[in-house]
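Written below as structure tokens is the structure these notes are about.
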Amino acid sequence: MWGRGVLDDKNQIHGILEAAEMKIKEGWQPERTIYFVFGQDEEVGGPEGARFIAETLEKRGIRRFAFVMDESAPLVPGLFPGLPDNTALIGIAQKGYVSLELAMHGVGGHSSQPPEESNIGILAKAITKLEAAQFPYRIHPALRHQYRYLGPELDAAYQPLYAAVAFGKDGEMTDLEKQFVEVMAGNQVTRAMMHTTIAVSMFNAGIKDNVLPPSATAVVNFRPMPGDTPEVIIQHVKDAIGDDRITIRDISASTPATAMADPEGPGYKALEKTIRQIWGNDLVVAPFFVIGGSDSKHFQARPFAPDVFTITGIQLENTKEFEGFHGVNERIRVDEYGKTIGFFYQMMDNLDDL
């Protein structure tokens with residue numbers, strides 16, 4: 001099946017509804033209340049969808065969800081560096097989301113009489129300084145749990161580093177952990193798990209080749225680690241660029257990094273059991289620190305839903321298919337979509353055991 005959203009994330013919505021209709025036709029009576037939550041604005045953080053749904057449920061007096069499921073990484077062989085096996089990664093924590101607009105407003109003019117510094121040039125220098133001022137690396141508790149599961153499956157040469165991280169202490173950084181950081185910093189995915197990232201995603205200025213624009217703007221997207229609030233990030237940007245001519249404005253529905261779900265609790269165990277029932281035991285199931293994020297963080301930020309787990313219940317053949325996320329040639333196999341339906345069908349049965 002081909003089409004935008006077939007992998008991210010309409011297959012999950014349809015899988016849930018297909019499974020629910022099958023169960024209803026069979027006369028199934030769940031032993032607990034199940035909520036289906038579908039927001040219309042997940043791609044921009046869920047400020048008008050999941051946030052209002054979470055607020056509404058909180059106002060209704062819900063004291064505690066057993067756990068919350070949401071989408072994240074699909075099952076993919078070779079998804080994790082150094083691990084060729086088929087892997088099901090269950091997200092237990094998510095980074096935050098902040099987008100800042102950096103702007104230089106000055107005087108325009110004719111290109112035949114350029115000033116010593118143009119507005120574009122001033123902003124470009126500021127961006128260059130910011131990219132050179134990366135946030136420091138830290139080891140998140142979710143990363144420690146990730147390597148308790150994944151470490152033994154990875155390269156034997158790095159086992160001491162993985163063990164140091166898996167069983168290290170928060171707030172400390174041993175020599176082995178520093179070596180781990182150096183190794184992981186060489187990979188785009190694992191590097192993002194260890195610090196607040198800085199991504200310049202938009203740059204706008206000028207409309208004509210012989211006119212100096214009176215302003216230039218850039219949008220920088222940050223995925224914050226816990227503790228790096230919008231205020232902390234804005235101050236970091238100011239300190240990095242050191243130019244009061246640049247204005248900084250938060251233009252996003254900023255959300256903080258989430259708390260960590262319990263990777264040893266009943267919710268995680270129910271998910272792992274269901275994964276193995278559908279896709280077998282010949283795969284690695286592990287918790288992981290989600291470097292992106294979804295609108296489920298609006299639930300995880302509330303006392304009634306501390307355990308939010310994220311996984312996309314579909315098997316991909318290889319990492320090439322994974323490129324369909326927000327890309328071209330987005331597709332899934334029909335038979336694998338059938339297993340997606342089976343995954344949610346089985347999950348509904350397993351909820352009775354909680």
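The values are calculated or read from the model by the stated rules, or taken from the named source; none is laboratory data. Being a predicted model, the structure only gives us computed values, none of them experimental. Because the Cβ atoms are built from the backbone with ideal geometry, glycine has one as well, and the counts that use them run over all protein chains shown. Only protein heavy atoms, including side chains, enter the accessible area calculation; ligands, DNA and RNA are left aside. Shrake-Rupley method; radii C 1.70, N 1.55, O 1.52, S 1.80 Å.
Residues in the stretch 157-190 that are closer than 19 Å to residue 223 by Cα, open to solvent by less than 80 Å² (accessible area, probe 1.4 Å), free of Cβ contacts under 8 Å to residues at least 60 places away in the same chain and part of a helix (DSSP H, G or I): 181, 184.
Restricting attention to the stretch 86-107, and to residues there that are farther than 30 Å from residue 230 by Cβ and at pLDDT 90 or above, which single residue is surrounded by the most Cβ atoms within 10 Å (Cβ to Cβ)? Break it down into steps so the answer makes sense when it comes.
Going residue by residue through the stretch 86-107, those that are farther than 30 Å from residue 230 by Cβ are 86-88, 107.
If we keep only those that are at pLDDT 90 or above too, we end up with 86-88.
Working: 86: 18, 87: 21, 88: 24.
Step by step, filter the stretch 86-107, then rank; the result is 88.
Across the stretch 1-53, the number of residues qualifying as modelled with pLDDT of 95 or more and either small (Gly, Ala, Ser) or touching a Pro at 6+ places or on another chain (Cβ under 7 Å) (or both) comes to 4.
Residues in the stretch 252-270 include at least one that is at pLDDT 95 or above and of a type in the set (Phe, Trp, Tyr). Annotation for the stretch 287-297: at least one member residue is modelled with pLDDT under 95, crowded, with 19+ Cβ neighbours inside 10 Å and under 20 Å from residue 33 (Cα atoms). Residues in the stretch 1-52 that are over 24 Å from residue 300 (Cα atoms), outside any loop (DSSP other than H, G, I, E, B) and either without any contact (Cβ under 8 Å) to a residue 60 or more places away in the chain or not hydrophobic (A, V, I, L, M, F, W, C) (or both): 18, 21, 23, 24, 25. A search for C-beta distances below 9 Å between a residue of the stretch 62-81 that is in contact (Cβ under 8 Å) with a residue 60 or more places away in the chain and any residue that is surrounded by fewer than 21 Cβ atoms within 10 Å (Cβ to Cβ) and assigned to a strand (DSSP E or B), counting only pairs 6+ apart in sequence or on different chains, returns 75/86; 76/86; 77/83; 77/86; 78/86; 79/86; 80/284.
Of the helices (runs of 4 or more DSSP H) lying entirely inside the stretch 224-334, those containing at least 2 residues that are under 26 Å from residue 61 (Cβ atoms) are 266-279, 297-300. On the basis of being surrounded by 17 or more Cβ atoms within 10 Å (Cβ to Cβ) and within 22 Å of the chain's Cα centre (by Cα), does residue 146 make the cut? In short, yes. Selection within the stretch 33-73: residues that are among the polar types (S, T, N, Q) and open to solvent by 40 Å² or more (accessible area, probe 1.4 Å). The member of this set that is nearest to residue 310 (Cα to Cα) is 40. Of all residues being aliphatic (A, V, I, L, M) and surrounded by 16 or more Cβ atoms within 10 Å (Cβ to Cβ) in the stretch 334-351, which is nearest to residue 287 (Cα to Cα)? Just the residue, please. In this case the residue turns out to be 347.
Can you find a residue that is of a type in the set (A, V, I, L, M, F, W, C), more than 25 Å from the chain's Cα centre (by Cα) and more than 23 Å from residue 232 (Cα to Cα) anywhere in the stretch 182-189?
Going residue by residue through the stretch 182-189, those that are of a type in the set (A, V, I, L, M, F, W, C) are 183-185, 189.
Then drop every residue that is not more than 25 Å from the chain's Cα centre (by Cα), which leaves none.
No, that holds for no residue.
Residues in the stretch 191-220 that are open to solvent by less than 60 Å² (accessible area, probe 1.4 Å), in a strand (DSSP E or B) and of a type outside the set (Gly, Ala, Ser) were compared, and the one that is nearest to residue 94 (Cα to Cα) is 197.
Given the condition in contact with a Ser or Thr (Cβ under 9 Å, 6 or more places away or on another chain), hydrophobic (A, V, I, L, M, F, W, C), modelled with pLDDT under 90 and open to solvent by 20 Å² or more (accessible area, probe 1.4 Å), answer yes or no: does some residue in the stretch 319-333 qualify?
Let us first name the residues in the stretch 319-333 that are in contact with a Ser or Thr (Cβ under 9 Å, 6 or more places away or on another chain), namely 332.
Those still in the list that are hydrophobic (A, V, I, L, M, F, W, C) too: 332.
Pick out the ones that are also modelled with pLDDT under 90 and you get none.
No, there is no match, as no residue in the stretch 319-333 is in contact with a Ser or Thr (Cβ under 9 Å, 6 or more places away or on another chain), hydrophobic (A, V, I, L, M, F, W, C), modelled with pLDDT under 90 and open to solvent by 20 Å² or more (accessible area, probe 1.4 Å).
A single member of 354, 316 is in contact (Cβ under 8 Å) with a residue 60 or more places away in the chain, on the phi < 0 side of the Ramachandran plot, surrounded by fewer than 16 Cβ atoms within 10 Å (Cβ to Cβ) and not charged (D, E, K, R), and it is 354.
Sub-8 Å Cβ pairs linking a first residue in the stretch 272-291 that is under 15 Å from residue 343 (Cβ atoms) and in contact (Cβ under 8 Å) with a residue 60 or more places away in the chain to a second residue that is assigned to a loop (DSSP other than H, G, I, E, B) and aliphatic (A, V, I, L, M), at least 6 apart or interchain, are 275/283; 275/311, ordered by first then second residue.
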